[in-house]
1. Here's a check for you: in the stretch 115-128, which residue that is under 22 Å from Leu15 (Cα atoms) and in contact (Cβ under 8 Å) with a residue 40 or more places away in the chain is farthest from the chain's Cα centre (by Cα)?
2. What residue, among those in the stretch 1-11 that are among the aliphatic types (A, V, I, L, M) and surrounded by 13 or more Cβ atoms within 10 Å (Cβ to Cβ), is farthest from the ligand (Cβ to nearest atom)?
3. For the subset of the stretch 116-135 comprising residues that are under 20 Å from Ile83 (Cβ atoms) and away from the ligand (no atom under 12 Å from the Cβ), which member is surrounded by the fewest Cβ atoms within 10 Å (Cβ to Cβ)?
4. For Gly24, work out the one condition from (1) at pLDDT 95 or above; (2) within 12 Å of the ligand (Cβ to nearest atom) it doesn't fulfil.
Amino acid sequence: MKRIQIINGPNLNLLGKREPGVYGSQSFDEYLTTLKAIFPQMTIDYFQSNSEGELIDRIQEAGFVADGIVLNAGAYTHTSIAIADAIRAVQAPVIEVHISNVFSRESFRHHSYLSAVCKGSISGFGLDSYRLALASFE
Ligand code: CA2
């Protein structure tokens, strides 16, 4: 049984409540039920925080017990050297995911501090980006 930690960053608690045109109309809690049904052979843990330090704490904790981490760091993707350092420091491979296609949006979303320290990046498939990331751990 593989243990995978999904981590969502700032404002992703608003999924399904605001900006459905960009981020869809489903809450992450609803979608998590779907993911668990698609991957019954995985233990999927979920954590969301709006705070950079809490995200780093969870990367450090899961990074030595999980087989992989699926991380949508939200806007911290584009700003956080501290989250990049945490990813570099842990054992578990981290997949960077984005719901929207960050490269079709504003130029400040084109650069990620995390991509270079992640195993890979998936962007632009809506919530299905998370399923694609989990499939890579099968
Ligand atoms: O596309 C993604 O998944 C992003 O990581 C989402 C971030 C954004 O800053 C990144 O550039 C790309 C923003 C998350 C905001 O989430 C919301 C969800 C629903 C309603 C409002 C915001």
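The values are calculated or read from the model by the stated rules, or taken from the named source; none is laboratory data. Quick caveat, the model's predicted, so the values are computed rather than measured. All Cβ positions, even for glycine, are placed from backbone atoms using ideal geometry, and neighbour counts span all protein chains on display.
1. Within the stretch 115-128, the match that is farthest from the chain's Cα centre (by Cα) is Gly126.
2. Once the filter is applied, the top-ranked residue is Ile4.
3. If we take residues in the stretch 116-135 being under 20 Å from Ile83 (Cβ atoms) and away from the ligand (no atom under 12 Å from the Cβ), then Ala116 is surrounded by the fewest Cβ atoms within 10 Å (Cβ to Cβ).
4. Of everything listed in (1) at pLDDT 95 or above; (2) within 12 Å of the ligand (Cβ to nearest atom), Gly24 misses just condition (1).
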